[in-house]
Amino acid sequence: MKPLRHHLTHFCLTLGLIFSLIMAAPAALALGGEPPPLDQPAPTFTLPSNSGDGEISLTDYQGKWVVLYFYPQDFTPGCTVEAQRFQQDLPKYIERNAQVIGVSVDSVDSHAEFCDSEGLRFPLLADEDGAVSKAYGSWMSYFSLRHTYLIDPDGILRERYVKVRPVIHSEEVLARLDELQADS
């Protein structure tokens, strides 16, 4: 059983996110900042991972497509559905030479619990100070926004999603990945 402190922290963070979205909706994009431009090198990063490999860098996946998705918080309903869909489709991503990577401000320990709880077999990265989320224009207050970026095997940003519907998002990403790979 999780300690009460863990539940209270998640509850307070979730309330804060909801309040921020309601009260500052027009300012949300300004806080998110400008996303990096398409068809340019993706911002590089190195972050701690739950996968037991220590830190993971974007350059670790040179030669592979990367599905880099940012999400607000482990264990919340939308984030859980989104992660479950990526996990369900993980064999399809592997067939397409693509690596799924999730990023949020949660700690490595929280990510490890979330992966264990949901059976996730792809890395979740801890962007606790929000620096990478900011570099990708995916930051609001103290949360990562729900955005996804497709990065090609040469590290070039090829697609971005800023209006994500968790239930169908993985299917959308797979379809676009197929289009981009057919054009290469």
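Only the coordinates and a few stated rules stand behind these numbers; no lab work does. Note that the structure is predicted; figures quoted are calculated from it, not measured. So basically every Cβ, Gly included, is an ideal-geometry build from the backbone, and we count neighbours across all protein chains shown.
Just add up the charged neighbours of THR76: K/R +1, D/E -1, any other residue whose Cβ is under 11 Å from the Cβ of THR76. That sum, taken over residues with Cβ under 11 Å, equals -2.
Taking a Cβ cut-off of under 11 Å around PRO41, the surrounding Lys, Arg, Asp and Glu residues balance to a net charge of -3, with basic ones at +1 and acidic ones at -1. Here the stretch 64-184 is treated with +1 on each Lys and Arg Cβ and -1 on each Asp and Glu Cβ, and its dipole about the Cα centre works out to around 340 debye. Across the stretch 137-184, Cα pairs under 8 Å and at least six residues apart give a relative contact order of 25 percent.
Within the shell of other residues whose beta carbon sits under 14 angstrom from the beta carbon of LEU157, the net charge comes to -2, with Lys and Arg scored +1 and Asp and Glu -1.
Considering the zone a paramagnetic label at ASN97 would reach in this model (a point 7 Å from Cα along the Cα-to-Cβ line), which residues of the stretch 44-77 have amide N under 16 Å from it? Counting only backbone N, you get 60-67. The convex hull built on the alpha-carbon positions of the stretch 64-184 has an orientation-averaged projected area of 6.8 nm². Expected output is a single nm value to one decimal: the length gained when fully extending between THR46 and ILE168, i.e. 0.36 nm times separation in residues minus the C-alpha distance. What is it? The span from THR46 to ILE168 would gain 41.1 nm if fully extended. Each residue in THR76, THR46, THR59 was given a count of other beta-carbon atoms within 10 angstrom of its own, and listing them fewest first yields THR59, THR46, THR76.
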